[in-house]
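Some notes on the structure that comes next.
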Amino acid sequence: MSTGEPAPAAPRTRTPEPWEVEEAGVPRRPRNWGELALSTLLLLLGVYLVIGAGGIAIPGSSNTVGPRFFPYLVGAATIVVGGVLALRVLRGDQGPEEAGEDVDPDAKTSWRAVGIIALAFLAHALLINVIGWPLSVTLMFGVVAWALGSRGIIRPLLTGGIVSVVVWLVFVKALGVLLPGGILLELATGWL
Amino acid sequence: MDAFFQLAQGFADAVTPINLLFALIGTLLGTAVGVLPGIGPAMTVALLLPITYVLEPTGAFIMFAGIYYGGMYGGSTTSILLNTPGESSSIMTALEGNLMAKAGRGAAALGTAAIGSFVAGTIGTLLLALVAPAVVTLAVAIGPADYFALALLAFVAVSTVLGASPLRGLASLCIGLFLGLVGTDLLTGQQRFTFRIPQLADGIDVVVVAVALFAVGEALHVASRLRHGPVEVMSSSGSFMTREDFRRSWKPWLRGTAFGFPFGALPAGGAEIPTFLSYATERRLSKHDEFGRGAIEGVAGPEAANNAAAAGVLVPLLTLGLPTSATAAILLAAFQGYGIQPGPTLLTTESSLVWTLIASLFIGNTMLLVLNLPLVGVWVKLLKIPRPYLYAGILMFASLGSYAVNADPLDLVLLLVIGLLGFAMRRFGWPVAPAVIGLILGPVAETNLRRALAISDGDVSVLVSSPFSIVVLVVAVLAVVGPPLLRRFRRREAVPA
């Protein structure tokens, strides 16, 4: 993965001139193994598409262009794009990382936060049909807020709990969206 | 004249109390999410797609119209009041807007952005109402081959013209096209790339993909490099626009509109190029030598261009069924959700819906002007939401929207997997919008391609048999070849400026 080395200490002028924004001079960093992996995966996806397309059943009724044609086309394009991009990345080409108001381009990548959030989200997905949406999403909310650096765990859990129950009431009771509430909440709001 | 009559009818349909309420909810919601960093109009409309199952189309589209313009407006508030770079189409507004706010002229900057948005939005919507029927008369005879050419143009335009790296745009497009292939073939009923998972036979839902790429991907990306410390929101105080400010703003508003609308309306839609052009023009024309220290023209022009482009994007969407931005693509999915296929026939078959939508754009735009300046205090509060809570909340709503589609936890697992992909794409500078366009437009392109080839008995020359398709394909080729040449040219130009 890219080494998140801090930028040189030179003070950066805060407002880039327009042409700088346009050209976004990307500092040369070491070869980006992460993107190389992603483009190689794209190449493999293309190969899979072409092979998989050959396995799609063609019903006898279809005459000229059946269900295999477009997958072959997309597969071939994917192989070309993935291959060329992998080569370019291998030669040191690098895309500008997407900017955002809350993204600090000089910050070191926090894989810990990403990992915890992904796990919390996965856990909530698996728990949703067991303990209901409000409870599982509250736990997720608490863990995510904690992983992103909010102090303590009580306040995030409390906030998440209140918001999720209110949202659940609005969407389920007022708008009729299907969302399991969990035994307690279903019982408590059965009269609504 | 007919158009005006129909537009009047649209207004009559749109100003019922319940529809005005939908418009109000839409504009407020749109502005709120536009203000919040990390979510934009595309994701909001995606999250609200499930409500299309409960709401009738008119109400839903009136709300979407409000969200669409509100999102644009909210974005400019953020870029003026937050001292950090945001989405690419509001970077130009941020340049001078930040400086104005810093110099204690925040209120004037917000004012010129709001009125400029209103002016551009109104002119843009008016142009939309005038141009759309004309485009439809031109396009009504187009066949499957022509439509395939148009889809191809949208693909390459969105992938290569927008964004810094055309190749990465195409990579993103390929991902989207693949995701669009998963499921049951529309024409023969065969399963494709479903990995024998029964739920995938219906395809991967647009909501899941869009929310994953926009919301989950963004949340993970921000989490990986979160800007720590308190959020610094600049003061929105100071005196409102003076007479002098108005005098300096009105020409940039009009010029910005003139830049924005055509760029949005051409299938190579997007707000980045016109906002950049508008900024450069105002800078060159300025007599005040104030650029770089907070010139009001530098806020007025790009902001108008941004909004006019947003109106322009609706021309190809409503007349040809061709989305050229991520938000437009999701609006297209909303039409499809109602069983409506946008295309040249939309204006005749769904005439009242389309004109009500256009009328609501006018209404929403006016509501924005009236509501937003008094509500600046609320937006500033929104900007100050602690980031851990903000992103936890975004994930909560992502879960809500995706689970509501099928009530299946598998969708949430898919959401996470595609969200991780979206994170990687952001990290390596692969734009996300082409993937969404590929997902939504891919199946449409395939259907038309196969129809065209079925009519011609497999003869490929059918694809270039009409002047229309030839022109479109030539433009598509130019869209691939042009930008690299242009960039090389601009690099040579820009240095001495």
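Bear in mind that the values in this text are calculations on the coordinates, not laboratory data. Just so we're clear, the structure is a prediction, and the values are computed from it rather than from any experiment. As a convention, Cβ positions derive from the backbone with ideal geometry for all residues, glycine included, and neighbour counts pool all protein chains shown.
Using θ = phi - 60° in the Karplus curve 6.51 cos²θ - 1.76 cosθ + 1.60, the 3J(HN,Hα) couplings for segment B:323-332 round to x, 10, 9, 4, 4, 4, 4, 6, 4, 4 Hz; x is entered for Gly and Pro.
Sequence-distant contacts, meaning Cα pairs under 8 Å at least 6 residues apart, place the relative contact order of chain B at 29 percent. Across segment B:286-293, rounded Karplus estimates of 3J(HN,Hα) from the backbone phi angles (6.51 cos²θ - 1.76 cosθ + 1.60, θ = phi - 60°) give 4, 9, 9, 6, 9, 4, x, 10 Hz, Gly and Pro being marked x.
Projecting the Cα atoms of B:Ile437, B:Ala476, B:Leu375 onto the charge dipole of chain B, computed from C-beta unit charges around the Cα centre, puts B:Leu375 farthest toward the positive end. Each part reduced to its alpha carbon centroid, segment B:368-431 and segment B:312-331 end up 22 Å apart. Starting from the Cα gyration tensor of the protein assembly as shown, take the square roots of the eigenvalues, sort them a ≥ b ≥ c, and report rounded, prolate or oblate (rounded when a/c is under 1.5, otherwise prolate if a/b is larger than b/c, else oblate). Rounded shape, in that the Cα axes give a/c under 1.5. From its DSSP helices (H runs of at least four residues, each -39,500 (n - 2.57)), the protein assembly as shown gives a residue-normalised ellipticity at 222 nm of -22000 deg cm²/dmol. For segment B:2-494, a crude dipole built from +1 on the beta carbon of Lys and Arg and -1 on the beta carbon of Asp and Glu, taken about the Cα centre, is about 1680 debye to the nearest 20. Couplings for segment A:113-124, taken from phi via the Karplus curve 6.51 cos²θ - 1.76 cosθ + 1.60 with θ = phi - 60°, read 4, 4, x, 4, 5, 4, 5, 4, 5, 4, 4, 5 Hz in order; Gly and Pro are left as x. The charge dipole of segment A:72-192, taken about the Cα centre with unit charges on the Cβ atoms of Lys, Arg (+1) and Asp, Glu (-1), comes to about 300 debye, rounded to the nearest 20.
Distance from the alpha carbon centroid of segment B:29-78 to that of segment B:91-137 works out to 18 angstrom.
A Förster distance of 41 Å, applied to the separation of the beta-carbon atoms of B:Leu410 and B:Arg243, puts the FRET efficiency at 0.10. Sites listed here are chymotrypsin sites (Phe, Trp or Tyr not before Pro) in segment B:122-225 whose DSSP assignment is loop and whose Cβ has at most 15 other Cβ atoms within 10 Å: B:Phe195.
Find, among the trypsin sites (Lys or Arg not before Pro) in segment B:237-310, those assigned to loop by DSSP (not H, G, I, E, B) with at most 12 other beta-carbon atoms within 10 angstrom. Intermediate values should be presented prior to the final figure.
Details: sites: B:Arg243, B:Arg247, B:Arg248, B:Arg255, B:Arg283, B:Arg284, B:Lys287, B:Arg293; in loops: B:Lys287, B:Arg293.
In loop regions of segment B:237-310 (DSSP not H, G, I, E or B), the sparsely surrounded trypsin sites (Lys or Arg not before Pro) are B:Lys287.
One equal scatterer on each Cα of chain B, no solvent, Debye formula: the resulting log10 I(q)/I(0) at q = 0.10 Å⁻¹ is -0.74. Computed over neighbours whose Cβ is under 13 Å from that of B:Arg227, the net charge equals -2, Lys and Arg +1, Asp and Glu -1.
About the Cα centre of the protein assembly as shown, how large is the charge dipole given +1 on each Lys and Arg Cβ and -1 on each Asp and Glu Cβ? Please answer in debye to the nearest 20. List each step's numbers first, then the result.
Working: 41 positive and 40 negative charges, 317 e Å.
Charge dipole of the protein assembly as shown: 1520 debye, to the nearest 20.
Only lysine pairs 8 or more places apart or on separate chains count here, and in the protein assembly as shown those with Cα atoms under 25 Å apart total 6. Highest mean packing comes first when the peptides A:120-131, B:7-18, B:438-449 are listed by Cβ atoms within 10 Å, giving B:438-449, A:120-131, B:7-18.
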